[in-house]
1. Can you give the charge dipole size of the chain about its Cα centre, rounded to the nearest 20 debye, using +1 on the beta carbon of Lys and Arg and -1 on the beta carbon of Asp and Glu?
2. Any chance you could check the Cα centroid distance between the stretch 1-40 and the stretch 43-119 for me, in angstrom?
3. What FRET efficiency would be calculated for the residue pair GLU75, SER95, taking the C-beta separation as r and a Förster radius of 22 Å, to the nearest 0.05?
4. With a/c under 1.5 counting as rounded, go ahead and sort the chain into rounded, prolate or oblate using the C-alpha gyration tensor (a ≥ b ≥ c being the square roots of the eigenvalues; past the cut-off, prolate if a/b is larger than b/c, else oblate).
5. Which listed residue (LEU43, PRO90, TYR26) has the Cα farthest towards the positive end of the charge dipole for the chain, taking +1 on Lys and Arg C-beta and -1 on Asp and Glu C-beta about the Cα centre?
6. What aspartates and glutamates could a cross-link reach from LYS65, if we take a straight Cα to Cα line under 18 Å and drop same-chain neighbours fewer than 8 places away?
7. At a Förster distance of 30 Å, what's the computed FRET efficiency of GLN11 paired with ALA107, Cβ-Cβ distance as r, to 0.05?
8. Distances longer than 17 Å among the Cα atoms of the stretch 1-51: what percent of all pairs is that?
Amino acid sequence: MTTATPFILPQQSAEEAGLVNDAIVYPAKSLLVVCAHSNGHTLLTPFQSNATPQPIAYPDFNEVKGQSQAKRALEIAAAGVHSILISRPPGRGKSMLASRVVGILPAMAETKALESAAI
């Protein structure tokens, strides 16, 4: 059994960091509070998150009418975890397709989600 390493974050970031499983988060108002905690004068209390991640509702991929070749290419790219470049003139649905392809992707594992969030 491994124990999680505690870390100190600004108060504004504590809620987001609390979504990580087994994370020990100490929210701090200022650097002076962090110094007082490090010296043992005033200890910080660990953050307790009551929030649960809510699923995000993405636009439906089935709403796209026509565009059969582009839809097929996006489905193959999503299934094979490939990148894709869409190059068409303005007004041809590139943004519409790109916004909807996220809905057909499988959910990210926690480690992949953390890597993505770090970017």
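Each value in this text was obtained by applying a stated rule to the coordinates, not by laboratory testing. Since the structure is predicted, the reported quantities are computational estimates derived from the model, not experimental observations. Methodologically, a virtual Cβ is constructed for each residue, glycine included, from the backbone with ideal geometry; neighbour enumeration extends over all protein chains shown.
1. Roughly 680 debye for the chain.
2. Spelled out, the Cα-based centre of one part sits 30 Å from the other.
3. 0.80
4. Here the chain falls in the prolate category.
5. Looking along the dipole axis, the top candidate is PRO90.
6. GLU75
7. The formula returns an efficiency of 0.55 here.
8. 34 percent
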